Structure formats: structure tokens, C-alpha cells
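Chemist: Here's a structure for you.
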Amino acid sequence: MTSQPFTVADVMTKKVVAVLPGADFKEIAATMQRWKVTAVPVVEGEGRVVGVVSEADLLLKEEFHDHRLGLIEQLHRRDATAKAGSRRAKDLMTSPAVTVAPESSLPQAARLMATHRVKRLPVVDTSGTIQGIVSRSDLLKVFLRPDEELTAEIRREVVEHLFPLSQRQVDVRVDAGVVTLSGQVRDSALVPVAERLTRAVEGVVDVRCELTASEA
């Protein structure tokens, strides 16, 4: 297989909205509203990411605005109450930030988001300098690949590699990202391999494998 899988760098948003550690509460809230984002990275120096402030961090101030906590609740929610009383990014942010490298695969980024329950990740280089932002919607971009593009890649990278002698007998059809493989091949053992490799192509939604082995 020669096709390279998509990486975070392929789908990330390169224009980054960020704030400095000294940014105050209203500045952060206004930035999120203006750019229609739910979180912003906090950067210092030449763009090194030191944390992330999310809407959830800001909403703690509203949550505790007129709610007096008991001693036990204060102990259990010490971080939350500290943020509720803060007004600078350096005190409001979650640190260290959960970040991802540009060369990471899309499944790796998706697992990070799921594990840490975040909707977007700052993309940083080896020095921690921000390169972009990747969101859940960015990870879905691969599913917008045209059917014709998927058809060409599957035929080139799967069919021609696995079935060099019977490739003309294999039909590849893609409809809304759903791939149908049909026709006859010489080696039945390669049929499940073809299905697995086709399913692994970026942007494929599902695979219907109707390949059969020829009797000859």
C-alpha cells in the first residue's frame, strides 16, 4: 500500500484564535463569541501552549455566583471554586493542555478527544508551539471525499495490489461513501483482506464485499 493515511495536519484549521495568560475574563468571553469557538488555547512567548480555557471554565463563575457551598462540597470541588473566583486566563485555564501532534492520525486525535472529553485540540510541534486547531468537525472532513476519488484510490491501492491477474474482473462502486466490491478473483483467501483494506481507506463509510473466487 502506497497511499498515506490522513493526518491531523491535513484537516486542522491553521488560523488559530488564542489568548495570553494575562487575558481577563471578559476578553476571553468576547473572543469566544466573536470567533464562535467553545475554547481557546492560552499561549505565551512565541506561541507555546500552556493551557486551554473553555466555555465550561467560564461558566463556573455563573454557577457559583449565588450558590454558597458547604465545606464538604468545597473540598470536592476545590479546582472549580478556585476558577469561579478567578478572572485571568492563567488561573481559569486547564493546564497542562491536552494537545496533539500534526503527524498524528485522525483516529489518534479522535481517541484523545473522547478520552479527555474535549471538542477540540491544539496542534503543537515538538517544542509545544501551536500550529493549528483540530476539532471534531475537522475529523469528519475525510468523509466528504468525492466518490470518484475513493473509487480511484481503492482500485489503485487495493484491487491492483491484491489482484494483479484478475483486477479486470473486479468492479468497484462507491455511492455516498459506501463501497461495493464485486466480481471474481483467483484467491479466495484475499477476499477478507480486500474488504479490510478497503474499509481502512480514509473517507469510506461502509463496505459491501460481494467478491467470489473463480473455479478456474
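The values are calculated or read from the model by the stated rules, or taken from the named source; none is laboratory data. These numbers come from a predicted model, not from an experiment. When we count neighbours, we look across all protein chains shown, and the Cβ atoms used for this are built from the backbone with ideal geometry, even at glycine. Note: areas computed on protein heavy atoms with side chains; ligands, DNA, RNA excluded. Shrake-Rupley method; radii C 1.70, N 1.55, O 1.52, S 1.80 Å.
Chemist: From the list Ala56, Ala80, Ala84, which one is at negative phi, open to solvent by 60 Å² or more (accessible area, probe 1.4 Å) and modelled with pLDDT under 95?
Modeler: Ala56
Chemist: List the pairs whose first member sits in region 151-164 and is in contact (Cβ under 8 Å) with a residue 12 or more places away in the chain, whose second member is open to solvent by 40 Å² or more (accessible area, probe 1.4 Å) and β-branched (Val, Ile, Thr), and whose Cβ atoms are under 8 Å apart, counting only residues at least 6 apart or on separate chains?
Modeler: Between residues of region 151-164 that are in contact (Cβ under 8 Å) with a residue 12 or more places away in the chain and residues that are open to solvent by 40 Å² or more (accessible area, probe 1.4 Å) and β-branched (Val, Ile, Thr), the close pairs are Glu157/Thr2.
Chemist: Hey, can you tell me all the residues within region 25-36 that are out of contact with any strand residue (DSSP E or B) (no Cβ under 6 Å at 6 or more places or on another chain) and touching a residue at least 60 places away in the same chain (Cβ under 8 Å)?
Modeler: Phe25 - this is the single residue of region 25-36 that is out of contact with any strand residue (DSSP E or B) (no Cβ under 6 Å at 6 or more places or on another chain) and touching a residue at least 60 places away in the same chain (Cβ under 8 Å).
Chemist: So if I check each of Val204, Val134, which one is assigned to a loop (DSSP other than H, G, I, E, B), touching a residue at least 12 places away in the same chain (Cβ under 8 Å), out of contact with any Phe, Trp or Tyr (no Cβ under 7 Å at 6 or more places or on another chain) and under 26 Å from Lys119 (Cβ atoms)?
Modeler: Result: Val204 is the single residue among Val204, Val134 that is assigned to a loop (DSSP other than H, G, I, E, B), touching a residue at least 12 places away in the same chain (Cβ under 8 Å), out of contact with any Phe, Trp or Tyr (no Cβ under 7 Å at 6 or more places or on another chain) and under 26 Å from Lys119 (Cβ atoms).
Table: residues versus (1) of a type in the set (Ser, Thr, Tyr); (2) at pLDDT 85 or above; (3) buried (at least 16 other Cβ atoms within 10 Å of the Cβ).
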{"residue": "Val49", "(1), (2), (3)": "no, yes, yes"}
{"residue": "Asp66", "(1), (2), (3)": "no, no, no"}
{"residue": "Ile72", "(1), (2), (3)": "no, no, no"}
{"residue": "His76", "(1), (2), (3)": "no, no, no"}
{"residue": "Met93", "(1), (2), (3)": "no, yes, yes"}
{"residue": "Pro96", "(1), (2), (3)": "no, yes, no"}
{"residue": "Val100", "(1), (2), (3)": "no, yes, yes"}
{"residue": "Arg111", "(1), (2), (3)": "no, yes, no"}
{"residue": "Ala114", "(1), (2), (3)": "no, yes, no"}
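Chemist: Something else now. Which is assigned to a strand (DSSP E or B), open to solvent by less than 50 Å² (accessible area, probe 1.4 Å) and not acidic (Asp, Glu), of Leu150, Leu197, Leu181?
Modeler: Leu181
Chemist: Taking region 137-147 on its own, how many of its residues are open to solvent by less than 20 Å² (accessible area, probe 1.4 Å) and either of a type in the set (A, V, I, L, M, F, W, C) or part of a loop (DSSP other than H, G, I, E, B) (or both)?
Modeler: Count: 1.
Chemist: Considering each of Val42, Val11, Val17 in turn, give the residue that is at pLDDT 90 or above, touching a strand residue (DSSP E or B) at 6+ places or on another chain (Cβ under 6 Å) and crowded, with 18+ Cβ neighbours inside 10 Å.
Modeler: Step by step, each of Val42, Val11, Val17 is checked, and only Val42 is at pLDDT 90 or above, touching a strand residue (DSSP E or B) at 6+ places or on another chain (Cβ under 6 Å) and crowded, with 18+ Cβ neighbours inside 10 Å.
Chemist: Pairs only if they're at least six apart or on different chains, beta carbon under 6 angstrom, first in region 99-118 and part of a strand (DSSP E or B), second surrounded by fewer than 17 Cβ atoms within 10 Å (Cβ to Cβ) and at pLDDT below 95; list them, first residue then second.
Modeler: Close Cβ pairs satisfying both conditions: Ser105/Pro5.
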